[in-house]
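Chemist: One structure coming up, written as structure tokens, with questions to follow.
The values are calculated or read from the model by the stated rules, or taken from the named source; none is laboratory data. Keep in mind it's a predicted model, so treat the numbers as computed, not measured. For neighbour counting, all protein chains shown are included, and Cβ atoms are generated from backbone atoms with ideal geometry for every residue, glycine included. With ligands, DNA and RNA removed, areas are computed over all heavy atoms of the protein, side chains included. Shrake-Rupley method; radii C 1.70, N 1.55, O 1.52, S 1.80 Å.
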Protein chains: 2
Amino acid sequence: MHSPELLKGTLQTIVLKVLKDQGRMYGYEITQRVKDLSDDRILLTEGALYPTLHKLEAEGMLRTETETIGKRVRKYYSLTPQGRSLVKERVSEFIAFIKTMGNVLQVELG
Amino acid sequence: MHSPELLKGTLQTIVLKVLKDQGRMYGYEITQRVKDLSDDRILLTEGALYPTLHKLEAEGMLRTETETIGKRVRKYYSLTPQGRSLVKERVSEFIAFIKTMGNVLQVELG
DNA sequence: GGTTAATACATAAGAGAATTATGCATAAGA
DNA sequence: TCTTATGCATAATTCTCTTATGTATTAACC
């Protein structure tokens, strides 16, 4: 598990990007996907994830559909057009940030 | 200027690394060095920098010497042996984090 | 000679983003 | 049957940083 401080500020970027790649996901699925992609190094906590999803929905970046599997409810999230723009922006920002950090730390990243 | 949230958790790493590279620096000098290396994209605030320096000193990672230039006091910081270990650890952590993020975001970084 | 900007340190109050804790409920596996 | 996994949600707390404030010296401009 990574030192969690570094993760701060990356949650939105992560959520938006995996949603873009997968198309349509529910909360728990997102945590598992990120866990897998990160080799168990990034474990999203529910206390951070759900408020983030709600916020992005409220801002019009995500839309939801509810599905009932058996008696269990799943809330699927997908990107709105605005959300699509935001992903690009966030990912670009992150890449630019890494580039800058590479200069400051004088290391090759990637 | 980068979105400041991404910067969270990187302050110690940045401070330690520039100190390692320069050998001996005072607070204001660190802010200017980072400003230069980052092309004005990372502007360390004093409210964050000084408490961090004090903390690292209290933990035995940094040592200080005070110098008086004219009537102005400068507090020079340099790494202790423990501090040297910490830099390596922090930089490695950061590189590992970036690698992980590359996988999660499915992008080439660096 | 006077004003502004830069240099140089420091700390306190407040904001923001996450962790931790808690709560509820269903389904699967041992 | 009991534990683990699945699935959502929110409140309290913690941590880190920004913003604001305070003090003081030096250089640059007009």
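Chemist: Picking from B:Gly27, B:Gly9, which residue would you name as being among the small types (Gly, Ala, Ser) and on the phi < 0 side of the Ramachandran plot?
Modeler: Values: B:Gly9 fails: on the phi < 0 side of the Ramachandran plot.
One residue alone meets the criteria, B:Gly27.
Chemist: Tell me yes or no: at least one residue of the stretch B:70-86 is at negative phi, within 11 Å of chain A (Cβ to nearest Cβ) and surrounded by 15 or more Cβ atoms within 10 Å (Cβ to Cβ).
Modeler: no
Chemist: Also: Within the stretch A:8-32, track down each residue that is open to solvent by 20 Å² or more (accessible area, probe 1.4 Å), in a helix (DSSP H, G or I) and within 11 Å of DNA strand D (Cβ to nearest atom).
Modeler: Matches in the stretch A:8-32: A:Tyr28, A:Glu29, A:Gln32.
Chemist: Let me ask something else. Being within 22 Å of B:Glu5 (Cβ to Cβ) and of a type in the set (Val, Ile, Thr) is the requirement here; does A:Thr100 meet it?
Modeler: yes
Chemist: Could I ask something else about it? Which of the residues belonging to the stretch A:60-82 are assigned to a loop (DSSP other than H, G, I, E, B), under 16 Å from the mean Cα position of the chain (by Cα) and not aliphatic (A, V, I, L, M)?
Modeler: A:Gly60, A:Thr80
Chemist: Given (1) open to solvent by less than 20 Å² (accessible area, probe 1.4 Å); (2) in contact with a Leu (Cβ under 8 Å, 6 or more places away or on another chain); (3) of a type outside the set (S, T, N, Q); (4) modelled with pLDDT of 95 or more, where does A:Leu109 come up short, assuming only one miss?
Modeler: A:Leu109 satisfies all of (1) open to solvent by less than 20 Å² (accessible area, probe 1.4 Å); (2) in contact with a Leu (Cβ under 8 Å, 6 or more places away or on another chain); (3) of a type outside the set (S, T, N, Q); (4) modelled with pLDDT of 95 or more except (4).
Chemist: Inside the stretch A:53-69, can you point out the residues that are surrounded by fewer than 18 Cβ atoms within 10 Å (Cβ to Cβ) and away from DNA strand C (no atom under 14 Å from the Cβ)?
Modeler: A:Glu57, A:Gly60, A:Arg63, A:Thr64, A:Glu65, A:Thr66
Chemist: Right, another one. Hey, among B:Lys35, B:Lys17, which residue is at pLDDT 95 or above and either within 13 Å of DNA strand C (Cβ to nearest atom) or touching a Cys at 6+ places or on another chain (Cβ under 6 Å) (or both)?
Modeler: Answer to the check: B:Lys35.
Chemist: Do we find that B:Tyr50 is in contact with a Gly (Cβ under 9 Å, 6 or more places away or on another chain) and surrounded by fewer than 15 Cβ atoms within 10 Å (Cβ to Cβ) in this structure?
Modeler: In short, yes.
Chemist: When the residues of the stretch B:36-69 are filtered to those that are of a type in the set (Gly, Ala, Ser) and within 14 Å of chain A (Cβ to nearest Cβ), which remaining residue is farthest from DNA strand D (Cβ to nearest atom)?
Modeler: The extreme case among them is B:Ser38.
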